[in-house]
Amino acid sequence: MDHSDLLRAEDLPAFERILDRALGSPLIQEGRRRNPGSPNNEQLRTRALGARTAIAASAAAEYRAYRQLLDDSGNVANARGAVRRESGAGTAVRGSALHAVAVLVPGLSATAAAVFGVIGFGFRAVGSHSHLAEVMLGAGAVAAGVAVVTVLAGLVGLLVVAAGNRSTKPDGDAEVDRAREAWQGALLERGALPFLVDAIHPPSSGAGGVEVGTGGTGTGAQPHTRPCP
């Protein structure tokens, strides 16, 4: 057997979940009910775990395709992560400076608008320095406008950053997910279920009328079980 067909340690939990799903399926439970002397679930599970290499071999092609896609997607993700780390060091300082400006400018502008407004209205109230009062009020209006514009610009910047973060979050590789489902489906239907049926029904007694569908061959009921994620 090719080394790539062997079940890797990180996939053993998925194998055990598929095995448990097969043990709990109506097909196996009905087979045990019809054969009172058959092994119980724990005994069947122990036998299947001992024969996991042979069971896994029934879905070797799907497993190989799944692992190839998974390894390829991992290499791409690692490469992208390295690029992001390299560029992140250069943008960290710029990001900090822009953040400081976005926080300070609106506050300073609002403060200046308030000061100019108070001075301008003070001159207008006492009726002196009318020209200076208008200058102060005009400067206050400009400062208030700058504060409003910078606040709006900051909000727009936050929205842009949030949208960028959402677009860069991994949504899961659909192709890898499909390959995983194909492997687990084949492992269930061509590996775990047939092994358990054979373990329940000794060769001398036949299959007791219970058959396992094989995707279009045979006349028995084919289990319709969704692979676990």
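The packing ranking of peptides 52-59, 192-199, highest mean first, is 192-199, 52-59, where packing means the average number of other beta carbon atoms within 10 angstrom of each residue. Peptides 62-68, 108-114 ranked from most to least packed give 62-68, 108-114, packing being the mean of other C-beta atoms within 10 angstrom over each peptide's residues. 3J(HN,Hα) along the stretch 108-115, derived from phi through the Karplus expression 6.51 cos²θ - 1.76 cosθ + 1.60 where θ = phi - 60°, amounts to 5, 5, 5, 5, 5, 4, 5, 5 Hz, with x in place of Gly and Pro. Rolling a 1.4 Å probe over the protein heavy atoms leaves LEU7 with an accessible area of roughly 40 Å².
The values are calculated or read from the model by the stated rules, or taken from the named source; none is laboratory data. In this text, all values refer to a predicted model and were calculated from it rather than measured experimentally. Cβ atoms come from the backbone with ideal geometry, glycine included; neighbour counts cover every protein chain shown. Keep in mind that these areas ignore ligands, DNA and RNA; they rest on the heavy atoms of the full protein, side chains included. Shrake-Rupley method; radii C 1.70, N 1.55, O 1.52, S 1.80 Å.
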